[in-house]
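Input: a single structure, listed below in structure tokens.
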Amino acid sequence: MASDQVAPIRPAPLRAVSTGLPTPLHECPSDLLDGWVMHASALRHDLNTLLFPGQALMAYAGDDHTAGLAFAHGVPNRTWLSSATLMQDKRMRRDIVEEAGVPVPRARSFSLKRGASHAKVFAASIGYPVVVKPMLGESTVEVMPDIRDEEQLEQAIEYLRKVPTSREDFTTASYAFTQLLTPRSSSSTRTRGTYRFMVEERVSGQYVRLLLAEGRLFSAVLLPHGPWRSNSAAAEVLHEIHPELREFAEEVWRSCPGLSVMSADVVVNNFTESTAVSRPVLVDTSERPWMHVQYLASPCCISELGDELFRSAAEAEGIDLALPGSAPEVNVSFTWEGLSQVGENVRQAAAAAARTGIKFHVSSEDPVSGVVSGEMVGDPSRIALFNELVLEGSVLHAPVMAVQTRSNPGPGGSSFSR
């Protein structure tokens, strides 16, 4: 590349999390990490699980899965679908939190068909650099945070003209239905002209990700370069933030009813100062935890954070959970359904499990129905990620359709009671 050649404008990529585990568990896609963390916590609590496409996870004791917990991408089922949908409509979400008195940056939304010229006028009026993001869809994802002039704004808009599902950094939750995905025809690579994007004032200061569950602040991560760019300096600062910033986080929580968990991104002058000095501005919120930033800041603490969120979800449902087991291994019986080539799939899985240190034994194979059953023994985080990737399609030639595990606990039985 010539020294004077400028890289095209595009969002920061969704970085997969490096787990430090052997292949094929060496990476976890960032949009699967929340589900993986909750899945591992369920196994540590000696619970049975059912896992379906879209990271729909049920965790329960015995045979009564209706008395357990359910998650989608790590989001507890206590979250209202209407509230989750609202979080993915940035214009409506802004209006609601602003009405509640929460400061937000100046912003407007525009359509691809006729809005480009108006977007340029608005960007000039609030002053470059500006932030460009899709109006609908996953929060924090596909954000272009440093658009410095009209030419770069045109490039950002051109990026968004591509059909979302063809964009490398696009992702969507399995429960989302606000995204306008369809092109005008099956052969088109351009999205509809009614697709909307937002131009937003860029706020300068310290970027902090706040993670709340059931109104309680569990984490605050300082992200010098935002949530998706390289962040070697990311740091957990929960115990350093000013008490008034905690109160601000709770105010944001109250402004968005119907959520069980929430990640809220704020920009402040100084997170250790009072809000009168730090002047927090809410720049993004999501109904998903997006714990890849916590993993980035402190990989060794992610299991503890996951267990705290898991117990918070259980407590909100009136379910008593014993403390998770401290043994380095769990023993689970498993059933995989929907395999396309049972014999080959079993050989693949056995080889992959051996590389990851998971003890893997198949007790029955049914090539007709595509069902395999057996037993796995190993670290709960490894078993959880192994099953997540089996269902996602990274371990076998084709994804399975359902994964069931049953805990084989030691003396004392299950830790789950209601």
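The values are calculated or read from the model by the stated rules, or taken from the named source; none is laboratory data. None of the values given here were measured: they were computed from a predicted structure. Here the Cβ positions follow ideal geometry from the backbone for every residue, glycine too, while neighbour counts run over all protein chains shown.
Answer yes or no as to whether Phe248 is over 22 Å from the mean Cα position of the chain (by Cα) and among the aromatic types (Phe, Trp, Tyr).
Numbers: over 22 Å from the mean Cα position of the chain (by Cα): yes; among the aromatic types (Phe, Trp, Tyr): yes.
Judged against the criteria, Phe248 is a match.
Identify the residue in segment 18-39 that is over 16 Å from Val293 (Cα atoms) and of a type in the set (A, V, I, L, M) and, among all such residues, is surrounded by the most Cβ atoms within 10 Å (Cβ to Cβ).
Within segment 18-39, the match that is surrounded by the most Cβ atoms within 10 Å (Cβ to Cβ) is Leu25.
Considering only segment 191-226, state which residues are at pLDDT below 95 and farther than 23 Å from Thr272 by Cβ.
Thr191, Arg192, Gly193, Thr194, Tyr195, Arg196
From the list Arg106, Arg94, pick out the single residue that is among the basic types (Lys, Arg) and surrounded by fewer than 19 Cβ atoms within 10 Å (Cβ to Cβ).
Arg106
Name every residue in segment 345-354 that is touching a residue at least 24 places away in the same chain (Cβ under 8 Å) and either among the polar types (S, T, N, Q) or surrounded by fewer than 13 Cβ atoms within 10 Å (Cβ to Cβ) (or both), in order of residue number.
The answer is Asn345, Gln348.
Can you list the strands (runs of 3 or more DSSP E) lying wholly within segment 260-351 that have 3 or more residues being touching a Leu at 6+ places or on another chain (Cβ under 8 Å), within 30 Å of Ala234 (Cβ to Cβ) and among the acidic types (Asp, Glu)?
none
With respect to Thr171, determine if the residue is at pLDDT 80 or above and either assigned to a loop (DSSP other than H, G, I, E, B) or among the basic types (Lys, Arg) (or both).
yes
Going by the structure shown, is Val390 touching an Asp or Glu at 6+ places or on another chain (Cβ under 7 Å) and modelled with pLDDT of 95 or more? Working first, answer last.
Working: touching an Asp or Glu at 6+ places or on another chain (Cβ under 7 Å): no; modelled with pLDDT of 95 or more: yes.
No; evaluated as a whole, the condition is false for this residue.
If Thr140 meets every condition in (1) at pLDDT 95 or above; (2) surrounded by 15 or more Cβ atoms within 10 Å (Cβ to Cβ) apart from one, which number is that one?
Thr140 satisfies all of (1) at pLDDT 95 or above; (2) surrounded by 15 or more Cβ atoms within 10 Å (Cβ to Cβ) except (1).
What number goes with the only condition from (1) among the hydroxyl-bearing types (Ser, Thr, Tyr); (2) out of contact with any His (no Cβ under 6 Å at 6 or more places or on another chain); (3) surrounded by fewer than 23 Cβ atoms within 10 Å (Cβ to Cβ); (4) at pLDDT 95 or above that Ser340 does not pass?
Evaluating Ser340 over (1) among the hydroxyl-bearing types (Ser, Thr, Tyr); (2) out of contact with any His (no Cβ under 6 Å at 6 or more places or on another chain); (3) surrounded by fewer than 23 Cβ atoms within 10 Å (Cβ to Cβ); (4) at pLDDT 95 or above leaves (4) as the failure.
Go through the residues of segment 32-45 one by one and say whether even a single one is without any contact (Cβ under 8 Å) to a residue 60 or more places away in the chain and at negative phi.
Scanning segment 32-45 turns up no residue that is without any contact (Cβ under 8 Å) to a residue 60 or more places away in the chain and at negative phi.
Which of the numbered conditions does Ser363 fail, given that it passes all the others? Conditions: (1) assigned to a strand (DSSP E or B); (2) closer than 21 Å to Ala67 by Cβ.
The number of the failed condition is (2).
List pairs: first residue in segment 377-389 and under 15 Å from Asn331 (Cβ atoms), second residue among the basic types (Lys, Arg) and buried (at least 22 other Cβ atoms within 10 Å of the Cβ) anywhere in the structure, Cβ distance under 7 angstrom, at least six positions apart or on different chains.
Sorted first by the residue in segment 377-389, then by its partner, the pairs are Pro380/Arg44.
Please go through (1) farther than 17 Å from Val403 by Cβ; (2) surrounded by fewer than 20 Cβ atoms within 10 Å (Cβ to Cβ) for Pro76 and return the number of the only condition it doesn't satisfy.
(2)
Within segment 22-64, track down each residue that is among the β-branched types (Val, Ile, Thr) and closer than 16 Å to Gly393 by Cβ.
Scanning segment 22-64 gives a single hit, Thr23.
Matching residues to (1) hydrophobic (A, V, I, L, M, F, W, C); (2) more than 19 Å from the chain's Cα centre (by Cα); (3) assigned to a strand (DSSP E or B); (4) farther than 16 Å from Val281 by Cβ:
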{"site": "Leu211", "(1), (2), (3), (4)": "yes, no, yes, yes"}
{"site": "Phe218", "(1), (2), (3), (4)": "yes, no, yes, yes"}
{"site": "Pro224", "(1), (2), (3), (4)": "no, yes, no, yes"}
{"site": "Arg229", "(1), (2), (3), (4)": "no, no, no, yes"}
{"site": "Ala233", "(1), (2), (3), (4)": "yes, yes, no, yes"}
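Pick out the one residue from Thr49, Thr23, Thr19 that is over 30 Å from Pro145 (Cα atoms), in contact with a His (Cβ under 8 Å, 6 or more places away or on another chain), in contact (Cβ under 8 Å) with a residue 40 or more places away in the chain and not acidic (Asp, Glu).
Thr49
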